[in-house]
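Visitor: After the structure tokens below, expect a handful of questions from me.
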Amino acid sequence: MQAIILGLVAASSPYRVHNNDNNSIHWRIKMWIFFQAILGALKLYLTFACLQFLPLGDAITIMFIEPLFTVILSFMFLNVSVGFIKILLCFGLLAGMAMSVQPPFLFGPTIIMVANVTDQIVEENQAFSDDYYTGVMMALGCATLGKNHIICS
């Protein structure tokens, strides 16, 4: 819906890109604007969709690793130099995310202490289903798309 409305507003705008020599530039600009709108809409969808499968804290923590993907994609597509400090900060960002989210494949199953009706403490393993990993993939997709629309402009 966002892409359709912004596309209509941009198409009806009185400000046009005028280039008498090459009309293909005009179409390339429209293509990139369309691509940015699609990526932004997909990011917004993944932001809300991953919250169905993940706890809020885990989802937000995973989505906040956008700078990592910005550095990687800027290096790949824009030939931005990546120094030792940026690499060190990217590893720190990944380590901080892993410590915060504590993925079960690294830390094992989470043990929750639960008091039952007779006030006896019982240990329960919190099992993560495939839905958790679906949410993780959606949150990583959201983080990947987060700055993509800015890099492609």
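Every read-out reported here was derived from the displayed coordinates using simple, explicitly stated rules and does not represent laboratory data. Just so it is clear, the structure is predicted and the values come from calculations on it, not from any experiment. Glycine also receives a Cβ, built like all others from the backbone with ideal geometry; neighbour counts cover every protein chain displayed.
Visitor: So what J values fall out for the range 77-82 if you push phi through Karplus, 6.51 cos²θ - 1.76 cosθ + 1.60 with θ = phi - 60°, rounded to Hz, Gly and Pro as x?
Guide: 9, 9, 6, 6, 6, 10
Visitor: So, in nm, how far is label S81 from label L56 when the simple model puts each one 7 Å beyond its Cα toward the Cβ?
Guide: 4.4 nm
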